[in-house]
Amino acid sequence: MSDPYENTAERVFAALPPAQGRGFAQSWWGQAWLKALEDATLDLKQLKTGRRLARAGAVGAVSVRPGRVTAVVNDRDHTAHRADVLLPELSEEQWDRFLGMAVERAGHIAALLDREMPPHLVEDAATAGVELLPGLGDLEAECDCDAWDHCGHTAALCYQVARLLDQDPFVLLLLRGRGERRLLDELQLRSVSGPTIAAVRQETVREATYAGVDAAEAYAAGEILPPLPEAPDVPVEPGLPPSLDTETDPAPGVDPAALEFLAAQAAVEAHRLLVDALSAAHEQRAPEAELTPAQDAVRLASGGPGVPVAARLAEGSGRDREGLALAVRSWEYGGASALDVLESDRPAEAETLARARAALESAWEEDERPVLRASRSRWTATDGQSQLRLGPDGRWWPYRKEGGRWAPVGPAAQDPATALALADGRE
């Protein structure tokens, strides 16, 4: 009995126009094909020749069949050469594993029907022991120019095949041994107890609507997706998390009050980030540095947790109760920058110190200038109760001694006189 697929095991593609002003592979699987070529070719000069020939439209009609792709390639002097590129076919056992894997996820079949080869399809196939994309040394070359390695003619053919793969990944599957019709029929037979191929595509669209899509696929399709809708209006205030005050006892080790507090703070932070992201100057600002656990504990504590949660935050951040209160006050004056000024006393560079001294000299008239003792980046008044701290950005932070500890008493100022007035309680 003859094979019903023997007349469909070859596809012939008409010659493509010159590829001026564009790359040969836009899809990630087309780029993987070219990487296999470029990794295996010893003579880079032949690759350049192949790119030039393919770009000029020197590759004729391309014949694709299991294990082999063939075309006539014309040299610059119009000499014609038959070029063949060979790729090992998958064994019957490998095809069986691939088909079994594919029917388990409707998205795999729908992607192929849409002429897509998502990364997770290739990854799932590899997990099943089936390598769809060519690897190092898989692409063998044959050309009547008698080159022993890839020559300019076989390289040109490979570049042209990359363009075909962009349009239709079934080209690769045919090279591996299965044509589109046979492959889909076999998938249909394995899916007889489930939905039809046509229904699979419709179901996958519904799933994508509600469950989202793979991040890599969404990124790869970014250029063809419709524009995003207008951003919604920003809520006036953060949303309220659901109450955990239920009749069900919490599981061991779970603190409902702490969870409610964390949920509320997450909503506050999300609202702040949203407002910031939609502000006009967002693109001009550098991204915020990631907070350390000790800094994040202060941020959370600034939200006014109950005593038990505050005690846990203090202990977790390595502070006592008074230390956490000072840190929270600093945070409220200036966030992570103010907290850094509170808890570190780095020696300032000579240039920074020179600018600081010049600012101090010019801030007051000579007969009014207070006497300040300098130590690293801190200037303390002679009364021992007021202090200026110089931040890394050149701003001055006012401090006053309270209960034996230096405490921040206001936001930073560019002018040291303004900051000292705050420290003295005169503003």
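Just one residue in the set GLU237, GLU290, GLU283 is out of contact with any Leu (no Cβ under 9 Å at 6 or more places or on another chain), exposed (fewer than 10 other Cβ atoms within 10 Å of the Cβ) and not in a loop (DSSP other than H, G, I, E, B); that residue is GLU283. Of the residues in the stretch 36-52, how many are at pLDDT 80 or above and out of contact with any Leu (no Cβ under 9 Å at 6 or more places or on another chain)? Counting residues in the stretch 36-52 that are at pLDDT 80 or above and out of contact with any Leu (no Cβ under 9 Å at 6 or more places or on another chain) gives 7. Within the stretch 374-394, the set of residues being open to solvent by 70 Å² or more (accessible area, probe 1.4 Å) and within 12 Å of ALA419 (Cα to Cα) is empty.
Here PRO416 meets the list (1) of a type outside the set (A, V, I, L, M); (2) surrounded by 18 or more Cβ atoms within 10 Å (Cβ to Cβ); (3) closer than 22 Å to ALA325 by Cβ; (4) in contact (Cβ under 8 Å) with a residue 40 or more places away in the chain almost entirely, failing just condition (3). In the stretch 14-33, the count of residues that are loosely packed, with under 14 Cβ neighbours inside 10 Å, over 24 Å from the mean Cα position of the chain (by Cα), in contact (Cβ under 8 Å) with a residue 12 or more places away in the chain and part of a helix (DSSP H, G or I) is zero.
A search for C-beta distances below 8 Å between a residue of the stretch 130-147 that is in a loop (DSSP other than H, G, I, E, B) and surrounded by fewer than 21 Cβ atoms within 10 Å (Cβ to Cβ) and any residue that is at pLDDT 90 or above and of a type in the set (Val, Ile, Thr), counting only pairs 6+ apart in sequence or on different chains, returns ALA147/THR154.
The residue of the stretch 246-280 that is surrounded by the fewest Cβ atoms within 10 Å (Cβ to Cβ), among those that are farther than 25 Å from ALA297 by Cβ and not aliphatic (A, V, I, L, M), is GLU247.
When the criteria are applied in full, THR209 fails the requirement of being β-branched (Val, Ile, Thr), in contact with a helix residue (DSSP H, G or I) (Cβ under 9 Å, 6 or more places away or on another chain), at pLDDT below 85 and farther than 20 Å from TRP28 by Cα. The set of residues in the stretch 81-129 being in a loop (DSSP other than H, G, I, E, B), in contact (Cβ under 8 Å) with a residue 60 or more places away in the chain and within 15 Å of ARG190 (Cα to Cα) consists of VAL103 alone. Yes or no: ARG299 modelled with pLDDT under 85, among the basic types (Lys, Arg) and either in contact with a strand residue (DSSP E or B) (Cβ under 8 Å, 6 or more places away or on another chain) or within 20 Å of ALA412 (Cβ to Cβ) (or both)? Answer is no for this residue. Of the residues in the stretch 316-337, none is modelled with pLDDT of 90 or more, β-branched (Val, Ile, Thr), open to solvent by less than 40 Å² (accessible area, probe 1.4 Å) and touching a Lys or Arg at 6+ places or on another chain (Cβ under 8 Å).
The single condition from (1) more than 28 Å from ARG52 (Cα to Cα); (2) touching a Lys or Arg at 6+ places or on another chain (Cβ under 8 Å); (3) among the acidic types (Asp, Glu) that ASP168 fails is (1). For the stretch 98-127, the tally of residues that are open to solvent by 10 Å² or more (accessible area, probe 1.4 Å), over 16 Å from ARG176 (Cα atoms) and of a type in the set (Gly, Ala, Ser) stands at 4. Filtering VAL298, VAL309 for residues that are under 20 Å from PRO256 (Cα atoms) and either over 20 Å from the mean Cα position of the chain (by Cα) or assigned to a helix (DSSP H, G or I) (or both) leaves a single hit, VAL309. VAL72 meets each of the listed conditions (1) at pLDDT 85 or above; (2) open to solvent by 60 Å² or more (accessible area, probe 1.4 Å); (3) under 20 Å from ARG176 (Cα atoms) apart from (3).
The values are calculated or read from the model by the stated rules, or taken from the named source; none is laboratory data. Keep in mind it's a predicted model, so treat the numbers as computed, not measured. Note that each Cβ is placed from the backbone with ideal geometry, even for glycine, and that neighbours are counted across all protein chains shown. Heads up: the accessible areas ignore ligands, DNA and RNA and are worked out on the full protein's heavy atoms, side chains in. Shrake-Rupley method; radii C 1.70, N 1.55, O 1.52, S 1.80 Å.
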